[in-house]
Amino acid sequence: MVRAAFTAALERVRENAGGAAAADLELLLSAQTEDEVRALHRAAYQVKLREVGPVVYLRGLIELGNNCARDCLYCGIRLSNDLVERFTLTAEQIVAGARLAHEFGYGSLVLQGGERNDKAHTEFITEALERVHRATGGELSVTLSLGQQTRAVYRRWREAGAHRYLLRMETTNRELYGRLHPDAADLADWEARRRCLDDLRAVDYHVGTGVMIGLPGQSLGDLARDLRFFVEQDVDMIGMGPYIPHDDTPLGGAGLQAFAPDFTFDPAAQVRLGLNMIACTRLLLPDANIASTTALQALDPAGREMGLLAGANVIMPNVTDTEYRAGYQLYNGKPGLTENAPETRRRLEASIEAIGETIGYGRRGDAPRAVKRGLGTG
Ligand code: 5AD
């Protein structure tokens, strides 16, 4: 059964793309019956085929360290979590991961880690970028996901060889953002984070953002506004995934009830909402790169492939040594803790082929949106 209002909203969103109304998006996000979900995902998949084809770009993901200066209530590597064993990879280990990605033909690398603003760290990243560039003949495009930094730091990293930057806003609901980030002195900090997106654009990155989906205290209206925000910020890339509680954080276990008494964590509902968000994003930003993230896979073994069929076109397989993966658990049940990089690649090849898509080996896979903008990859 597809509600008549749902069909009408889907038609309008298809026609207006970036101009879609928040009320229509809210209705699409509420798709719950098999028929409605199928109609939404099909529409998004058609747009993806038209804009980027049945091709998946793989990014080798390196989790370079779990030391973090921030205390986000939801995150397993938050500053106050004493139960995590902290690690930082050496530059050699990062280069080894980059070589592996290069050898695998992934075409692109993502360096992600806890947020640190100290000079030792920012200089270490600069050095690592330079070494990665040398070791791979400058052939890989490099995405950073290292949190809020000054424009000067962003610029230095760009000059050292990074091309893209992913900074999730987590939510555009300022009040919820304030509650989730006790280290944020006041609500204005949301705006400070948003200004980072301007800084990144100003120093020539391909810019990505995203949110967590199904956070306690978040409404469908909030998610519809998140979608509108992606359009307003005119971003090239989106990385987002469902919220998953982590037991050793204030937003896991008993703390979760205290934070949002009405919230119950339902994995199937989180996956559904996550996929609906991907589909809506594809309808709004037809030529963006959209990631199908590990959080989807954590809740459903086929989650990432379902993400591809709902409109995503990027997957970020881990190329970090399995030895360190246990230290990088942002949420409960993170998959692939013991699966090494070659196994991951084989499994992805099979599952991607099974849905009728191919892997864009040896290509950087820039978002068509960024290419149209004239952003270089050098
Ligand atoms: N559930 C889902 N995603 C999470 N992240 C952090 N903690 C969680 C969680 N509990 C996401 C945030 C962050 C990214 C690195 O991981 O969106 O930006």
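Every read-out reported here was derived from the displayed coordinates using simple, explicitly stated rules and does not represent laboratory data. If you're wondering where the values come from, they're calculated on a predicted model, not measured in any experiment. Glycine gets a Cβ as well: all are built from the backbone with ideal geometry, and neighbour counts include every protein chain shown.
Considering only LEU129, GLN148, THR172, and ranking their Cα positions along the charge dipole of region 116-182 that arises from unit charges at the beta-carbon of Lys, Arg, Asp and Glu, the one farthest toward the positive end is THR172. Taking amide H as placed 1.01 Å from N in the peptide plane, GLY241 has its amide H under 5 Å from the amide H of VAL211, ILE213, each at least 5 places away in sequence or on another chain. Of all beta bridges that DSSP places with both ends in region 51-161, some 10 percent have antiparallel geometry.
Sparse packing (at most 16 other Cβ atoms within 10 Å of the Cβ) combined with a DSSP loop state is found for the following GluC sites (Glu not before Pro) in region 291-353: GLU339. Shape analysis of region 223-378 places it in the oblate category; the axes a ≥ b ≥ c from the Cα gyration tensor give an a/c of at least 1.5, with a/b not above b/c.
DSSP beta bridges fully contained in the chain are about 5 percent antiparallel. Taking a straight Cα-Cα cut-off under 29 Å and skipping sequence neighbours fewer than 8 places away in the same chain, the lysines within cross-link reach of LYS372 are LYS48. Distance from the C-alpha centroid of region 279-301 to that of region 195-239: 13 Å, rounded to the whole angstrom. Sorting the Cα pairs of region 29-162 by distance into bins of 10 Å, from 0 upward, gives 11, 32, 26, 21, 10, 0 percent per bin. Each Lys and Arg contributes +1 and each Asp and Glu -1, all at the Cβ; summed about the Cα centre of the chain, the dipole is approximately 900 debye. When the chain is treated as a Gaussian network with alpha carbon springs shorter than 10 Å, the biggest mean-square fluctuation among ARG346, ARG14, ARG193 belongs to ARG346.
When you work out D = kT/(6 pi eta Rh) for region 203-286 at 20 °C and 1.002 mPa s, using the Kirkwood radius from C-alpha pairs as Rh and the Stokes-Einstein form, the result is 154 µm²/s. Projected onto planes of every orientation and averaged, the convex hull of the alpha-carbon atoms in the chain covers 16.8 nm². Here's how it looks for VAL110: its modeled amide H is under 5 Å from those of GLY60, LEU61, ILE62, THR143, which are all 5 or more places away or on a different chain.
Cross-link partners for LYS334 among the lysines, with Cα-Cα distance under 24 Å and sequence neighbours closer than 8 places in the same chain left out, do not exist in this structure. Cysteines in the chain that lack a partner Cβ within the 4.7 Å cut-off: CYS68, CYS196, CYS280. Ignoring aspartates and glutamates fewer than eight residues from LYS119 along the same chain, the ones with Cα atoms less than 13 angstrom from its Cα are GLU127.
Across the options ALA44, VAL314, GLY138, the greatest Cα extent toward the positive end of the charge dipole of the chain (unit charges at beta carbon of Lys, Arg, Asp, Glu) belongs to GLY138. With a ≥ b ≥ c taken as the square roots of the eigenvalues of the C-alpha gyration tensor of region 178-234, please select rounded if a/c is under 1.5 and otherwise prolate if a/b is larger than b/c or oblate if it is not? Since a/c reaches 1.5 but b/c is at least a/b, the shape of region 178-234 is classed as oblate. Note on region 222-370: with charges restricted to the Cβ of Lys and Arg (+1) and Asp and Glu (-1), its dipole about the Cα centre is near 260 debye.
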